[in-house]
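Written below as structure tokens is the structure these notes are about.
The values are calculated or read from the model by the stated rules, or taken from the named source; none is laboratory data. Treat the numbers as computed from the prediction; the structure is a model and nothing was measured. Because the Cβ atoms are built from the backbone with ideal geometry, glycine has one as well, and the counts that use them run over all protein chains shown. These area figures cover heavy atoms from the full protein model, side chains too; ligands, DNA and RNA do not enter into them. Shrake-Rupley method; radii C 1.70, N 1.55, O 1.52, S 1.80 Å.
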There are 2 protein chains.
Amino acid sequence: MARWEPNARERLVRAAVELFAEQGYEATTVNEIAERAGGLTKTTFFRHFADKREVLFAGQEIHNRIVAEAIAEAPAAATPLELASLALDALASSFAQDRRDIGRRLRAVLANSAELRERSASKRAALSEAMAQALRARDVPELVADLAAELGTRAFYGAFDRWTSTADQRTLVEYARQMFGELKAAVSVLE
Amino acid sequence: MARWEPNARERLVRAAVELFAEQGYEATTVNEIAERAGGLTKTTFFRHFADKREVLFAGQEIHNRIVAEAIAEAPAAATPLELASLALDALASSFAQDRRDIGRRLRAVLANSAELRERSASKRAALSEAMAQALRARDVPELVADLAAELGTRAFYGAFDRWTSTADQRTLVEYARQMFGELKAAVSVLE
């Protein structure tokens, strides 16, 4: 019978990323992931994830909701870039320091799989679209919303790359704010 | 023995997009595509494309080269946005009016396949990266290059969407210039 496994979801993600990094994505089975996650079963795995690939992209809907809510709840006077910045803060602060290690391994796994990179690009596009939708719902014009969302998304992924390839004490929020500032400066010198 | 088939590549692309639109991507075989392309063979198909999916993304390397060359050959005084605009012009002018019909069907095919949308997002990212690389080679700072490339890519895909969902006499170049102008205006009101 199904029983409650504490933190099963988080344990499965960690086990999957470890195994993919060690022996490759293709070579890893769902059984191995469940076993590595402290003796869980395949059934438990499939209670949490549709398939082997989705274990890496499990946060997608939660992340989309976080940015949408941050934008919906922001002060009325906020500019498009301020809205994107609030969404970025909310998203980055949902990543605890212990995700840094998973992120580092995930980078290596993505580097070795075109299929996973394609899936990752699709997750990124969905995040940007979630931000843009929330911005449009606040009457930001369509193209302005798209661009502000693009800058927020770009800042998030850029910050995540830096955060997972260094080893200081700074949080993802700090990296994200710095990256967003750099992107705003870059916008101002485009022409 | 292999023999020369005039326009085989173009005929195969057209046949594939027609069949994918009519009966779905999954249901279509390489044999059917070759047959529809005026009695070509599977062997001819595989001389041009690695697999069924790649027939839709065949232009990728040519497109990347077109934007890279346009940027490399631009006047020394050009700003990052002017460079992106020249790349966009060069790319858009490589699409003759008869590609509009293929583009329209392709949109429908992509709408029905998550796998193809993921592949398409990857092609788009590669185009943006090709532009950004060419801009960096001209000493445009990294983030500025990334953003100018993003705007050029966004203008291309936005213009292509409009071009393939309307039926006037305007060329893709005209659509691309208008879209790029709208994006520049949107940048100026971000904050």
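Springs between Cα atoms under 10 Å define the GNM used for chain B, and in it the highest mean-square fluctuation of B:Ala149, B:Ala87, B:Ala130 occurs at B:Ala130.
Annotation: Cα Rg of the range A:1-146 relative to the compact-globule expectation 2.2 N^0.38 Å equals 1.21. Both chains summed, the buried accessible area for A and B stands near 2300 Å², from protein heavy atoms and a 1.4 Å probe. Sites listed here are GluC sites (Glu not before Pro) in the range B:71-179 whose DSSP assignment is loop and whose Cβ has at most 15 other Cβ atoms within 10 Å: B:Glu73.
The angle between the Cα long axis of helix B:99-111 and the longest principal axis of the Cα atoms of chain B comes to about 80 degrees, rounded to the nearest 10. What part of the accessible area of chain A, given as a whole %, is carbon or sulfur when the probe is 1.4 angstrom? With neighbouring chains kept in place, the figure for chain A is 52 percent. Label points for B:Gly103 are taken 7 Å from Cα along Cα→Cβ. From this copy to the others they lie 3.8 nm apart, shortest first.
In the context of the full set of protein chains, the protein assembly as shown has a per residue accessible area of 48 Å² (1.4 Å probe). Output the 0 to 90 degree angle, nearest 10, between the alpha-carbon long axis of helix B:114-136 and the longest principal axis computed from the alpha carbons of chain B. That works out to roughly 40 degrees. Would you give the gap between the C-alpha center of the range B:64-89 and the C-alpha center of the range A:41-112, rounded to a whole Å? The range B:64-89 and the range A:41-112 have Cα centres separated by 35 Å.
Since only A:Ala90, A:Leu183, A:Gln60 are under comparison, the one whose Cα sits farthest along the positive direction of the charge dipole of chain A, derived from C-beta charges on Lys, Arg, Asp and Glu, is A:Gln60.
The modelled label-to-label distance between A:Glu129 and B:Asn7, using points 7 Å beyond Cα along the C-beta direction, is 3.5 nm. Whole-percent P(r), the range A:8-55, all Cα pairs, 10 Å bins from 0: 32, 62, 6.
Take B:Ala50, push a point 7 Å out from Cα through the beta-carbon direction, and compare it with the same point in every other copy: 2.4 nm, smallest first.
In this structure, B:Arg138 and A:Glu73 have a Cβ-Cβ separation that, at R0 = 41 Å, corresponds to a calculated FRET efficiency of about 0.45.
If you keep only loop residues by DSSP, which chymotrypsin sites (Phe, Trp or Tyr not before Pro) in the range B:1-100 have at most 12 other Cβ atoms within 10 Å of their Cβ?
Numbers: sites: B:Trp4, B:Phe20, B:Tyr25, B:Phe45, B:Phe46, B:Phe49, B:Phe57, B:Phe95; in loops: B:Trp4, B:Tyr25, B:Phe49, B:Phe95.
Answer by residue number: B:Trp4.
Taking other residues whose beta carbon is less than 14 angstrom from the beta carbon of A:Arg136, and scoring Lys, Arg as +1 and Asp, Glu as -1, yields -4. A helix-only calculation puts chain B at -22500 deg cm²/dmol for mean residue ellipticity at 222 nm, using -39500 (n - 2.57) for each DSSP H run of at least four residues, averaged over all residues.
The distance separating the Cα centre of the range B:113-152 from that of the range A:141-191 comes to 16 Å.
For chain B, the longest principal axis of the Cα atoms and the long axis of helix B:60-72 meet at an angle of about 20 degrees.
The convex hull of the Cα atoms of the protein assembly as shown, projected and averaged over all directions, covers 22.9 nm².
Distance between the modelled labels on B:Ser94 and B:Ile62, one decimal in nanometres: 0.7 nm (7 Å Cα→Cβ projection).
Which entries of A:Lys52/B:Lys52; A:Lys42/B:Lys123; A:Lys42/B:Lys42 show an alpha-carbon separation above 32 angstrom in the structure shown? In this structure, A:Lys42/B:Lys123; A:Lys42/B:Lys42 exceed 32 Å between Cα atoms.
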